[in-house]
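The values are calculated or read from the model by the stated rules, or taken from the named source; none is laboratory data. Not measured: the values here are computed from a predicted model. Neighbour counts are summed over all protein chains in view; Cβ atoms, including those assigned to glycine, are modelled from backbone coordinates with ideal geometry. Note: accessible area is taken over every heavy atom of the protein model, side chains too, but ligands, DNA and RNA are not part of it. Shrake-Rupley method; radii C 1.70, N 1.55, O 1.52, S 1.80 Å.
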Amino acid sequence: VQLQALGGGLAQPGGSLILSCTASGNIHMINFMGWYRQFPGSQRHFVAGMASGGTTNIADSVKGRFTVSRDNAKNTVYLQMNNLEPEDTAVYYCNAPSLRKVGVDFWGQGTLVTVSS
């Protein structure tokens, strides 16, 4: 499975950005697709994600500001980030756990989100 992330960049505090992640390859190996973020010197933390059936999971730290959506026909998941804060500055990674092997995850390349005035 390959995950291609797009989006990211620079936003001002209070602004918005949208990230997209498109899966290709053996997509039958995945169901849930989501996003993690990594702050400098820190491990990756779960942000939000959605299963193909529509079940969503969003971290408390971004609830009310970030939403996740999905287009199953395009094998794409989106992360809409609103009311961005400087503390949201991080590298964001697309993620999809493997259905075949427990503990195995597929990752996209990271995309940097910088929130600064």
Quiz item: If you project the alpha carbons of the chain onto their three principal axes, what span does each projection cover, largest first, in Å?
Solution: 43, 29, 23
Practice problem: Please list 47, 104 in order of solvent-accessible area, largest first, computed with a 1.4 Å probe with all protein chains present. | Solution: 104, 47
Quiz prompt | Relative contact order [Cα under 8 Å, 6+ residues apart], the chain, whole percent | solution = 36
Self-check item: Long-range HN-HN contacts of residue 105 with modeled amide H, under 5 Å
Solution: 98
Quiz item: If the convex hull of the alpha-carbon atoms of the stretch 54-116 is projected onto planes in all directions, what is the mean projected area in square nanometres?
Solution: 5.4
Practice problem: Using a cut-off of 12 Å between beta-carbons, work out the net charge of the residues near residue 8 (Lys and Arg +1, Asp and Glu -1, residue 8 not included). | Solution: 0
Quiz item: How far apart, in nm, are the 7 Å Cα→Cβ label points at residue 52 and residue 26?
Solution: 1.5
Self-check item: Point-to-point label distance, residue 99-residue 59, nm (Cα→Cβ direction, 7 Å offset)
Solution: 2.7
Quiz item: In what order, largest first, do 100, 70 sit by accessible area if the probe radius is 1.4 Å?
Solution: 100, 70
